[in-house]
Amino acid sequence: LTKEDWLAIAQEIETALSDEVIEEAVLNYPEPVFQKYGEETIAILKTRRNQLLEVANEYYELISGVVSIPGSNKREQFELEVLSEDEVSVKVFKLSGKGNLREQYFERTFTNGETEELRLYGMGDDDIFILKGSAENNMKIRVVGGSGQDVYDDSTLKKGWTRQVEIYDTKRGNTVTEGSNTDVNLYDKPENVHYDYSKDFKWNTVLAGFYFEYNGNDGIFLGGGPNIIRNGFRKQPASRHFARANVAPLTGASNVRYDGTWFQVFQEWDVKLESEFLFPKSYKNFFGFG
């Protein structure tokens, strides 16, 4: 569904849930239940109805950031075209056993303002992936072949040092025609290219982090801040960030610290960054070199 379709359905539901419909439904409560909860329930339902369009819009934006398009365990042809710097079109067709095009069963155009990343999954059997378009577009595209002997033809173009298209499949039996915009990742084990939504996607989280420390100069340090966990494609987590502000009640010393870790940035190598800002009244002991 497009965003317009999504909001149109939400509007239909909102219109159908008139005050009269809500009140009539709640009036069907048993009399003792209505006396205790009826008016409150009516008020809550009306408030939720009035917020339906806003919530539907927010939820659509939430689930449109990273979109997975899985195929089936039968043959399919995926056709992706970079239409412009803002739009990418995806179509999926069924294929006959001989590889002839049959009916189209999926079509959608994605926009950069809504979608950051597209993931195409061939899953089972022998699939064909055709990617084309010469427009500049920063939407990330991942293609996971799955089992079978798949064919890839990528003629997309993109300037710059980053590659837009990532292909994942096994080392044997596949045919890849790659361009300057393609990064091919081949594996020995078939399980590395299976579709597993629980491993491929996980929501980012923000947790409350607390800090406690003691030193001889300041006594007890107390503080805290956000602990941010960001997940990526088959990286859970992809990065972790902990920012905190701390204060020592005894001396008034305070500081701000940041710890950041990016996992598997260069193959199995992680990148870690630690920084600290000391305010007046803070101590930092120096014991010399060596």
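Here the chain is treated with +1 on each Lys and Arg Cβ and -1 on each Asp and Glu Cβ, and its dipole about the Cα centre works out to around 1240 debye.
In the chain, taking the dipole from charged Cβ atoms about the Cα centre, the farthest positive-side position among 170, 57, 214 is held by 214. Magnitude of the charge dipole for the range 3-62, about its Cα centre and with charges confined to Cβ atoms of Lys, Arg (+1) and Asp, Glu (-1), is about 180 debye. Rounded to the nearest whole angstrom, the semi-axes of the ellipsoid equivalent to the range 65-196, taken from the Cα gyration tensor as √(5λ), stand at 22, 17, 13, largest first.
Put in line by how crowded their Cβ is, counting other Cβ atoms within 10 Å and starting with the fewest, 176, 165, 33 read 33, 176, 165. Our summary gives the range 3-62 a relative contact order of 54 percent, counting only alpha carbon pairs under 8 angstrom and 6 or more residues apart. Our summary gives the range 65-196 a relative contact order of 22 percent, counting only alpha carbon pairs under 8 angstrom and 6 or more residues apart. Projecting each Cα onto the charge dipole of the range 28-133 (Lys/Arg +1, Asp/Glu -1 at the beta carbon, about the Cα centre), which of 44, 123, 110 comes out farthest on the positive side? Result: 123, furthest along the dipole toward the positive end.
Placing +1 on each Lys and Arg Cβ and -1 on each Asp and Glu Cβ, with no other charges, gives the range 205-278 a dipole about its Cα centre of roughly 360 debye. With both residues required to sit in the chain, DSSP beta bridges show an antiparallel share near 60%. Where [x] 79, 57, 27; [y] 79, 77, 34; [z] 62, 49, 45 are the candidate values, the label of the one calculated here for Cα extents along the principal axes in Å is [y].
In terms of distances greater than 31 angstrom between alpha carbons, the cross-link table entries 46/202; 3/189; 158/202; 199/272; 235/281; 46/91 yield 46/202; 3/189; 235/281; 46/91. When the chain is modelled as a GNM with alpha-carbon springs shorter than 10 Å, which of 183, 125, 259 fluctuates the most? Among 183, 125, 259, the largest mean-square fluctuation in the Gaussian network model of the chain belongs to 259. Taking the helices alone, the chain has a mean residue ellipticity at 222 nm of -5000 deg cm²/dmol, built from -39,500 (n - 2.57) per DSSP H run of at least 4 residues and averaged over all its residues. Given contacts defined as C-alpha pairs under 8 Å and at least six residues apart, what's the relative contact order of the chain, whole-number percent? Contact order relative to length: 9 percent.
Values quoted throughout were computed directly from the atomic coordinates according to the rules given, and no laboratory measurement underlies them. Treat the numbers as computed from the prediction; the structure is a model and nothing was measured. A quick note on method: Cβ atoms are made from the backbone with ideal geometry, for glycine too, and the neighbour counts reach across all protein chains shown.
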